[in-house]
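Structure first, then comments.
Quick note: the coordinates plus some simple rules give every number you see, no bench work behind them. Since the structure is predicted, the reported quantities are computational estimates derived from the model, not experimental observations. For neighbour counting, all protein chains shown are included, and Cβ atoms are generated from backbone atoms with ideal geometry for every residue, glycine included.
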Amino acid sequence: MMKETDLFKPVRQLFLSLGYDIQGEVGAADVFGLKGEESLVVELKLAVSLKLIYQAIERQKVADFVYIAVPKRIYRSHLKLNGSFLDLLKRLGIGLVTISNEEAMIELETQNVQLAKTRRSLRIKGDMVREHKKRETHLAVGGTKEERVTAYKEKVIEIAKALHALSEASSSLIKEYTRIDKASDILAKNYSGWFEKTDHKTYRLSEKGLSSLHEFLF
């Protein structure tokens, strides 16, 4: 059975080919891309609905260009029932991407709709851009309902990988090994519950850390 996450890879490949740096699950967006000063949002869905259109309109407040992405068979069946669907998207300035056989293609180009930007929308966009730029990997998959892989979570994973390799280490060694400046702080606060301190004032992976790291290593 197809999941929204199955749409992410072909959509990501499509916009990578167009020069965007793509990340999944940034802020409220399934897909967020940057190309210079230009920002892009794509909402991934398995069905066409009014809720999806409302979501796309909301994303126009925080991105220059907005697309919705659905399976091609869903788009075709919806178009038969609603022949004015593309006209509606054109009027709203929303682009359309369809996915078939693990390939994505643009059916309708988006437009830069100049909606009035509030302080809140500008702050949200700024937060999304900063989060995007902080990320160093592409572990986050758009469309997921699971815990997001934020820039902070990326660092937790890198520290966990180091402890997995070293078995046990001091915070200073982990900082040197991973080159993460805030490694000591991440280990000490341990928001994730992935680490535990030993009697020797070193750190090792907790049982939760071992089981959670498994999905990123294998």
Problem set entry | Candidates per trypsin sites (Lys or Arg not before Pro) in the range 1-58, loop by DSSP, up to 15 other Cβ within 10 Å | LYS3
Problem set entry | Kirkwood-based shape ratio for the range 141-218, expressed as Rg/Rh from alpha carbons | 0.96
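Write out the GluC sites (Glu not before Pro) in the range 1-64 meeting two conditions: DSSP loop, and at most 15 other Cβ atoms within 10 Å of their Cβ.
Taking the range 1-64 and a limit of 15 other Cβ atoms within 10 Å, the loop GluC sites (Glu not before Pro) found are GLU37.
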Seminar exercise, completed: The long-range amide H neighbours of SER39, using H built 1.01 Å from N in the peptide plane and a cut-off of under 5 Å, are ASP64, PHE65
For this session: Let me have the 222 nm mean residue ellipticity of the chain computed from DSSP H runs of 4+ only, each contributing -39500 (n - 2.57), with the sum over all residues rounded to the nearest 500.
Result: -13500 deg cm²/dmol
Exercise. Here are some pairs, LYS80/LYS133; LYS35/LYS182; LYS45/LYS155; which of them have Cα atoms lying more than 31 Å apart in this structure?
Worked result: LYS80/LYS133
Exercise. GLU43: net charge of surrounding residues, Cβ under 12 Å, Lys/Arg +1, Asp/Glu -1, itself excluded?
Worked result: -1
Exercise. If you stretched the chain out fully between LYS134 and LYS201, how much longer would it get, using 0.36 nm times the residue separation minus the C-alpha to C-alpha distance?
Worked result: 21.1 nm
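What is the calculated FRET efficiency for ASP87 to ARG119, with r their C-beta to C-beta distance and R₀ = 30 Å, to the nearest 0.05?
Given R0 = 30 Å and the Cβ-Cβ separation, E is 0.35.
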For this session: Please sort by residue number the GluC sites (Glu not before Pro) in the range 141-218 whose DSSP state is loop and whose Cβ has at most 11 other Cβ atoms within 10 Å.
Result: GLU146, GLU147
Problem set entry | Prolate/oblate/rounded label for the range 5-134 (Cα gyration tensor, a/c 1.5) | oblate
Exercise. Tally Lys and Arg at +1 and Asp and Glu at -1 over the other residues with C-beta under 14 Å from the C-beta of THR110: what net charge comes out?
Worked result: -1
